[in-house]
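A.B. asks: I have a structure here, written as structure tokens, and I will follow up with some questions on it.
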Amino acid sequence: MDTKLLPLYKKIFIFWENSMLNFLLILFLYSVCSPLQATEEPVGLANFNSPQEALIGEQNIATLGGEPSAMVDGCVNVITGTFIDCAIDVWSPGPDPLYIERIYTHTSGWSINEPENVEMLGGSLNRVVHEEKGMKTLYTNTLIGRTLFINATNYSQGLTNCSKGFISGKSNPHNLQMQIISPKPGTFAVYLRDGSKSLKYFGSNHRTRLSLMAIRSQDGLTYEQKPYGIKTQYTYQKSPLGWKIDEISNTNSLNQDLGKIHFEYDNFKLNPCMVAYANKDKSGSCEYLFSNYPARHDLHQVISTHAPKICYSYDDTTHRMKQKALPNGRCKQIEYYDETNPYAYTKKPLTFYDGCTSPYERVSCLKAAVGTDQTLHPTHRFYYEVNFINRKSRIYSYPGGTTRVLDLHNQETRYHYDSKRRLTGIDKLLGANLYRTQSFFWSSLPLLEGCLTTKTLQDGQGNLLSSRYYDYDKNGNIKHEWLLGNLTGNAKGPVLNKEGIPIAGQYDSYIRTYEYSDDGYNHLLREQDGCKEIVYVYYPKSALLHKKFMRVNNKIIYREFYTYNSNGSITRYVYDDGHALEEDDVEGITERHSVYTSYRDQFPVGLPEMIEEKYLDLALREEILLQKTQNFHDHQGRITQQTHYDSNGQPRFTLHWDYDAHGNILKETNALGHTSFYQYDENDNLIFEQYPGKDYHTVHEYDFSNRLICSKDIHADQTLVTHYAYNGLSQKVAMTNWQGETTQYTYDHCGRLIKTIYPKLLDSDGNSYQPFECIEYDIADNPICKTDRRGFKTTFNYNIRGQPSLIQYPDGSTEKNAYTLEGYLAKSISLNGVVTQTDYDYLGRACRQMTFAPTGEKLSETTTHYNHFHKIAEVDAAGQFTYYQYDAAGRLASIVKNEAKAVYQYDACQRLAKTLEYFGSEEKDYIANVKEYDAKDRLIEERTEDAEGQVLTKIGYLYNEQGKPIQTISYHQAKPVITFTHYNAYGDVESIVDPQGHKTRTLFYYLHLNQEGQYVYAKETIDAIGQSFFQEHDSCGHVRFAIRRDPMGVIL
């Protein structure tokens, strides 16, 4: 309480101390004066003391509703300077998984188990605040009883159509509509509908006492009806933390339960802890432990069954998060600008203008253990530079500005934003000079406010390299998308006006056109790319896709059909090359495939259990099984067992997986029953692995930033160690191999590898030197120059898709390429000057290819013909035709060229089982090549037979657990003739014993000490008569010298 109010309270109390009116008056004055007390430092613009009316009901909009590129290190918004932490701690598996997400911003604190709610401002039906996961948006309308929309001031504070990570009318904030109803006199409820027709109903009234005379009334989210049939329902309880969610549950269109998450607060006053249970703990749980209760309830620990334990600590004065810690010393520290920082504005209380121009309370530095020990180093430093603001203006708006971010190596990136807190540019600097800029342009049209219109990339001199431009329909769907710049390989950069709109110029442009529904669902109905058109048809009043057609020249050439269950999950998916609109019309099709999926009806409900793949036998008009897969799940929804069946419905093999509580694989068993084992540390880093057939295991070690620093292959008689080192930007700067030789890596200011320095070598004169390779890049990160170890340079030019248009080799020779607007190689000029031109069909398949001599003389021409699925014919340069036929399952059935013919047959597992190679025109004029396989599809026998089935040749194979062939069995006069092969733990051949018993051995020396005192790799091969061949490698892995000796050791 403000001490200035105490004398007033004292006088009033003495004057009325014997009166009942005294008590009522004190309550009244206390309720009026208490909200005026400053209980803590102002946090965020909502606490600034000037234009609260202009900003009321809006919070974290630029932070959580802006362009994702404004985030640095995934946790700091450079426009607002806000620190963000978020995670999903527990979930319930199902067709639409339930999950508990928490999010923290240092301006508004934690949102954990917070009910999404709406609140009327001042009792007005025309001003409603919607709060979800820490972000508040204001909905308004001047006409009572009409639909409310997001207030225009939200877009002035940074709200965009990009915050979801994609652009669509379904997620566009302009399509959010709020309607208010009054289910009972004196009450209200709210419907909120988005651009996908997902409907949220807010009807759970929560009343919270703010003071003795003031009560806050909010309506919590009661249910969300999703357009694909799932309904999510919420119930609430009055917890020690206020109104919180009691239970979240999912049901399908038949009202069947699909999963639940509920919360408990038992003995909260003694042990401030909230626990979330997924499906009564069957699917996991999470404990949230709070500190400083009841004065505050700061989240102190998060202990989830699905993830490593997390601990948070806070500043005792400001209560802002200052540290996030994970097990084994992993830590991130956050520092802010405050009164003790000389860079911060220190005047209090802050005015609106102070809050706009001062870095006060914004993040100043992030620290982490990115060195060689647990010491924290500043990984990012933030400097906020705000444009001039007119303090005499009565219009409260944000000025634009720039945020400079410096990494540990003082490499600078600048982020620019406008007066509406939207990202406008990202500059990458090279020293003090501008290297490249990525720019963002935004629509200023009222119905498209906050919609991204253009993204560009330009060099430090302002020359545009590429641009992507979006044109929208009235609902915020992309109607046209242009890619502008050098697409073909010979064009110039795009030209734009100051709004980012393309101007005609000598540059290439590629356009894709889209059409969407205007029924509230914003369904994609049609898309075109200049080669083909794709049409989408949906089930009525639903978000579920029913049909999909591909058209070329207004003719349907490909179709898809979908069927769903009550969960909105696909139960039948059909695709073919038919031409009619209806699925039952199969006229003209050459193939039809279907996939049937059945789902679990036991807990966890709704996960795919059986998947069957079939094809249509066109002659019988019935579907034939190709293969099927059966899944088995644990309570967390993870697949623990998977059985594969052949086309006869017989089981082929079964795969198995075991998991730890965090979902990491501990053990997996392959199709032959061989098992691999894994272990992890408390931060889910892989620390142990052992594979079948290997007589060693590998252990891994990590530093305090979870970077791999050491791998050890532990054998019975030796340990082979590889070390890794990193710089403060977590870039690998060195790798030391088993032999102790180090390869070094150097990076540029953009984090690109520019130099690789190999271990020391000796030249022909015995002098040591270190070979190296260098790479240079353009502003789009394409390598434009590569220098090899001998100093020879190869240079490259690219189009904006990163495809090489010119390659110049060290000897002066060149290759040139030109591309279509769609990105296909249209013309290439090889080293010898031969020109190749290629035409493509609607799927980008080469259908004609012509070659020309450097003089222009035509050398050859080949053509290829396709149906939608396959190549069906080709004509070679001599004019000879080759025809390809396929069976109804889409498998290659035969190849015919002139008199030559090959016929292919398959086993029940869709593997090539027999090839009939015809040498004459008669029915039995063929030789059959027969193949058999094991459960891992490895060849175990191949033989040739005549038309009568008589075996002409036969070879069999046996494999070890590593999948290497250890026996090759040939047959001579029906007797087996075996060659044995033995491998070491790394799969290198150690010995070969031929059928006559002659043995060739190879000895491997992974730590061979050479004459210079270096440990290098060497090997020696000794044949059956004792001759040896010794090879010693240098420190870079190349053969340095080789010695061949006879059985007596004499050098040959």
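A.B. asks: Taking the stated definitions as given, is S253 surrounded by 13 or more Cβ atoms within 10 Å (Cβ to Cβ) and more than 36 Å from the chain's Cα centre (by Cα)?
C.D. replies: no
A.B. asks: Does the range 497-516 hold any residues that are assigned to a loop (DSSP other than H, G, I, E, B) and among the charged types (D, E, K, R), and which are they?
C.D. replies: K498, E499
A.B. asks: Then there's this: Given the options Y360, Y312, name the one that is at pLDDT below 95 and either in contact with a helix residue (DSSP H, G or I) (Cβ under 6 Å, 6 or more places away or on another chain) or among the aromatic types (F, W, Y) (or both).
C.D. replies: Y360
A.B. asks: Moving on. Within the range 785-793, is there a residue that is buried (at least 16 other Cβ atoms within 10 Å of the Cβ) and in a strand (DSSP E or B)?
C.D. replies: Checked against the condition, which is being buried (at least 16 other Cβ atoms within 10 Å of the Cβ) and in a strand (DSSP E or B), the range 785-793 yields at least one hit.
A.B. asks: What number of residues within the range 686-708 satisfy the criterion of being within 17 Å of L326 (Cβ to Cβ) and in contact with an Asp or Glu (Cβ under 8 Å, 6 or more places away or on another chain)?
C.D. replies: 4
A.B. asks: Quick check: anything in the range 603-618 more than 31 Å from the chain's Cα centre (by Cα), in contact (Cβ under 8 Å) with a residue 40 or more places away in the chain and surrounded by fewer than 18 Cβ atoms within 10 Å (Cβ to Cβ)?
C.D. replies: Within the range 603-618, one or more residues are more than 31 Å from the chain's Cα centre (by Cα), in contact (Cβ under 8 Å) with a residue 40 or more places away in the chain and surrounded by fewer than 18 Cβ atoms within 10 Å (Cβ to Cβ).
A.B. asks: Still on this model: What's the number of the only condition in (1) under 24 Å from Y191 (Cα atoms); (2) surrounded by fewer than 19 Cβ atoms within 10 Å (Cβ to Cβ) that G74 fails to meet?
C.D. replies: With respect to (1) under 24 Å from Y191 (Cα atoms); (2) surrounded by fewer than 19 Cβ atoms within 10 Å (Cβ to Cβ), G74 is out only on (1).
A.B. asks: Moving on to the next point. Being part of a loop (DSSP other than H, G, I, E, B), within 30 Å of N832 (Cβ to Cβ), of a type in the set (S, T, Y) and outside the structural domain of K628 (by TED's automatic domain parsing) narrows it down to one residue among T862, T855, T882, T851; which is it?
C.D. replies: T855
A.B. asks: In the range 82-112, how many are part of a loop (DSSP other than H, G, I, E, B), under 16 Å from K332 (Cα atoms) and either at pLDDT 95 or above or aliphatic (A, V, I, L, M) (or both)?
C.D. replies: Residues meeting the conditions: 0.
A.B. asks: Go through the range 517-565 and report how many residues are within 30 Å of Q177 (Cβ to Cβ), within 27 Å of the chain's Cα centre (by Cα), in a loop (DSSP other than H, G, I, E, B) and not small (G, A, S).
C.D. replies: Result for the range 517-565: 4.
A.B. asks: Mind checking whether some residue in the range 555-563 is among the polar types (S, T, N, Q) and either touching a Leu at 6+ places or on another chain (Cβ under 9 Å) or crowded, with 18+ Cβ neighbours inside 10 Å (or both)?
C.D. replies: Within the range 555-563, none of the residues are among the polar types (S, T, N, Q) and either touching a Leu at 6+ places or on another chain (Cβ under 9 Å) or crowded, with 18+ Cβ neighbours inside 10 Å (or both).
A.B. asks: Next question, about the same structure. Conditions first: (1) within 19 Å of I103 (Cβ to Cβ); (2) hydroxyl-bearing (S, T, Y); (3) surrounded by fewer than 17 Cβ atoms within 10 Å (Cβ to Cβ). Y312 passes all but one, so which condition is the exception?
C.D. replies: (3)
A.B. asks: Related question: Report, by residue number, each residue of the range 216-233 that is touching a residue at least 40 places away in the same chain (Cβ under 8 Å) and under 10 Å from G203 (Cβ atoms).
C.D. replies: D219, G220, L221
A.B. asks: For the range 949-974, give me the residue count where each residue is in a loop (DSSP other than H, G, I, E, B) and surrounded by 14 or more Cβ atoms within 10 Å (Cβ to Cβ).
C.D. replies: The number of residues fulfilling the criteria is 5.
Rundown of residues vs (1) basic (K, R); (2) over 30 Å from S443 (Cβ atoms); (3) crowded, with 18+ Cβ neighbours inside 10 Å; (4) not assigned by TED's automatic domain parsing to the domain that holds G637, yes/no style:
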| position | (1), (2), (3), (4) |
| --- | --- |
| D85 | no, yes, yes, yes |
| D89 | no, yes, yes, yes |
| Y104 | no, yes, yes, yes |
| I112 | no, yes, yes, yes |
| K133 | yes, no, no, yes |
| N154 | no, no, yes, yes |
| L159 | no, no, yes, yes |
| F166 | no, no, no, yes |
| K170 | yes, no, yes, yes |
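A.B. asks: Let me ask another. Tally the residues that are at pLDDT below 90 and buried (at least 21 other Cβ atoms within 10 Å of the Cβ), restricting the search to the range 115-127.
C.D. replies: Matching residues across the range 115-127 total 1.
Residues are listed down the side, and each one gets a yes or a no for (1) within 28 Å of Q374 (Cβ to Cβ); (2) without any contact (Cβ under 8 Å) to a residue 60 or more places away in the chain; (3) touching a Leu at 6+ places or on another chain (Cβ under 7 Å):
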| site | (1), (2), (3) |
| --- | --- |
| N685 | yes, yes, no |
| G693 | no, no, no |
| S705 | yes, no, no |
| A716 | no, yes, no |
| V733 | yes, yes, no |
| N737 | yes, yes, no |
| R752 | no, yes, no |
| T756 | no, yes, no |
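A.B. asks: Please note which strands (runs of 3 or more DSSP E) are completely contained in the range 975-1039 and include at least 2 residues that are surrounded by 14 or more Cβ atoms within 10 Å (Cβ to Cβ), touching a Gly at 6+ places or on another chain (Cβ under 9 Å) and touching a residue at least 40 places away in the same chain (Cβ under 8 Å).
C.D. replies: In the range 975-1039, the matching strands (runs of 3 or more DSSP E) lie at 1015-1022.
A.B. asks: More than 22 Å from T675 (Cα to Cα) and free of Cβ contacts under 8 Å to residues at least 12 places away in the same chain, is that true of E932?
C.D. replies: The answer is no for E932.
A.B. asks: Quick check on I800: is it under 27 Å from S509 (Cβ atoms) and in a loop (DSSP other than H, G, I, E, B)?
C.D. replies: Yes, satisfied.
A.B. asks: Against the condition in a loop (DSSP other than H, G, I, E, B), at pLDDT 95 or above and over 30 Å from A671 (Cβ atoms), how does G920 come out, does it pass?
C.D. replies: Taking the combined requirement at face value, the residue does not satisfy it.
A.B. asks: Return the total of residues in the range 110-130 being without any contact (Cβ under 8 Å) to a residue 40 or more places away in the chain and under 15 Å from N60 (Cβ atoms).
C.D. replies: The total comes to 1.
The values are calculated or read from the model by the stated rules, or taken from the named source; none is laboratory data. Note that the structure is a prediction, hence the values are computed from the model and not measured. Cβ sites come from the backbone with ideal geometry, for glycine too, and all protein chains shown count toward neighbours.
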